[in-house]
1. Does residue 26 satisfy the condition of being modelled with pLDDT of 90 or more and crowded, with 19+ Cβ neighbours inside 10 Å?
2. Yes or no: the range 196-213 includes at least one residue that is under 19 Å from residue 73 (Cα atoms), part of a helix (DSSP H, G or I) and touching a helix residue (DSSP H, G or I) at 6+ places or on another chain (Cβ under 6 Å).
3. Just to be sure before I move on: is residue 64 surrounded by 15 or more Cβ atoms within 10 Å (Cβ to Cβ), free of Cβ contacts under 8 Å to residues at least 60 places away in the same chain, touching a strand residue (DSSP E or B) at 6+ places or on another chain (Cβ under 9 Å) and not in a strand (DSSP E or B) in the structure I sent?
4. For the range 30-49, give me each residue that is out of contact with any strand residue (DSSP E or B) (no Cβ under 6 Å at 6 or more places or on another chain) and either free of Cβ contacts under 8 Å to residues at least 24 places away in the same chain or more than 22 Å from residue 168 (Cα to Cα) (or both).
5. Checking residue 218 against (1) surrounded by 11 or more Cβ atoms within 10 Å (Cβ to Cβ); (2) farther than 20 Å from residue 313 by Cβ; (3) within 26 Å of the chain's Cα centre (by Cα); (4) free of Cβ contacts under 8 Å to residues at least 40 places away in the same chain: exactly one of these is not met. Which one?
6. Restricting attention to the range 104-131, report how many residues are over 22 Å from the mean Cα position of the chain (by Cα) and either assigned to a helix (DSSP H, G or I) or under 20 Å from residue 51 (Cβ atoms) (or both).
7. With the structure loaded, tell me whether residue 170 is more than 18 Å from the chain's Cα centre (by Cα) and closer than 30 Å to residue 19 by Cβ or whether it fails that test.
8. Kindly provide the set of residues from the range 226-241 that are surrounded by 14 or more Cβ atoms within 10 Å (Cβ to Cβ) and in a loop (DSSP other than H, G, I, E, B), ordered by number.
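The values are calculated or read from the model by the stated rules, or taken from the named source; none is laboratory data. Everything numeric here is computed off the predicted structure, so don't read it as measured data. Methodologically, a virtual Cβ is constructed for each residue, glycine included, from the backbone with ideal geometry; neighbour enumeration extends over all protein chains shown.
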């Protein structure tokens, strides 16, 4: 008798045009279909406080053998983006009982409780409770994040690491050709890209640029925080760098890698990350990468695809950028190995393997 193929649903946030988690899953899903079918359930109104929306969403999601939730803390109701996961317990409970499917939760946004006061830690525990109680498996993208969850009381045997994955991009332009195509001045170029937000600490790169007189900084991406963008422009003006800092706010997503090719190095001086689509795209662009020395980047540094540094020391930050730009071959060779082992097709295979393990558990 032919074995019945399991029905798999995947819940994905779908209420904004640009959504890193949605983009992540669509890239994986493109390859996952080669190995196993998964039906996308679109959460089109995750910020609503209406419980009946989530009751109906749960009814829709549970019609399967396995539900895979692409989780962030705004997925199940949010009040002013401050009080989140309001209806998460209701949703998970209704999916699981009675006779619900197996549940896998991929946690994309992790909060480190050691940096929170007592009340915020208690609130974080409440948001995590339904994930702990009702998930048969929890996926994270980094070992350091797995360790954080275990410290927060998640069962070690439930938490698995499946890398975020990278694109296997072919026929990338060399920087000189890309700069010529897009009309950028011909000089060594530092690139920053993605959403321009305060926690990405763009001002530290602007400060380091004063130590790199032969280089320019190219910033592209949406800037939703106007006050922060105004602050950056004032810093640029104050340091007399107007001719060496170039902004471009709108780049079509399908042209990201062409614009990234304008750079000789990508710099990510972030204060925090969880799953970084920007880091994934940076590796996919086959460019040397310099980052802050937070633990998440240090884990990736072990693969030899980036160089961490003290971004709060202007001179050390600038020195590391200079070293990487002058000697990119070692990092580029490691990036090619990383892409081979962690491209989206490989991640789709590992995702399918995780599905099978959970479905076969008693």
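1. Details: modelled with pLDDT of 90 or more: yes; crowded, with 19+ Cβ neighbours inside 10 Å: no.
No.
2. Filtering the range 196-213 for residues under 19 Å from residue 73 (Cα atoms) gives 197, 199.
Retained after the next criterion (residues that are part of a helix (DSSP H, G or I)): 199.
This time we only want the ones that are touching a helix residue (DSSP H, G or I) at 6+ places or on another chain (Cβ under 6 Å), so: none.
Checked the range 196-213: no residue is under 19 Å from residue 73 (Cα atoms), part of a helix (DSSP H, G or I) and touching a helix residue (DSSP H, G or I) at 6+ places or on another chain (Cβ under 6 Å).
3. Details: surrounded by 15 or more Cβ atoms within 10 Å (Cβ to Cβ): yes; free of Cβ contacts under 8 Å to residues at least 60 places away in the same chain: yes; touching a strand residue (DSSP E or B) at 6+ places or on another chain (Cβ under 9 Å): yes; not in a strand (DSSP E or B): yes.
Answer is yes for this residue.
4. The first filter runs over the range 30-49 and keeps only residues out of contact with any strand residue (DSSP E or B) (no Cβ under 6 Å at 6 or more places or on another chain), leaving 30-37, 42, 44-45, 48-49.
Of everything in the range 30-49, those that are out of contact with any strand residue (DSSP E or B) (no Cβ under 6 Å at 6 or more places or on another chain) and either free of Cβ contacts under 8 Å to residues at least 24 places away in the same chain or more than 22 Å from residue 168 (Cα to Cα) (or both) turn out to be 33, 37, 42, 44, 45, 48, 49.
5. Among (1) surrounded by 11 or more Cβ atoms within 10 Å (Cβ to Cβ); (2) farther than 20 Å from residue 313 by Cβ; (3) within 26 Å of the chain's Cα centre (by Cα); (4) free of Cβ contacts under 8 Å to residues at least 40 places away in the same chain, the lone unmet condition for residue 218 is (4).
6. Of the residues in that region, 10 qualify.
7. Spelling it out, residue 170 is indeed more than 18 Å from the chain's Cα centre (by Cα) and closer than 30 Å to residue 19 by Cβ.
8. 239, 241
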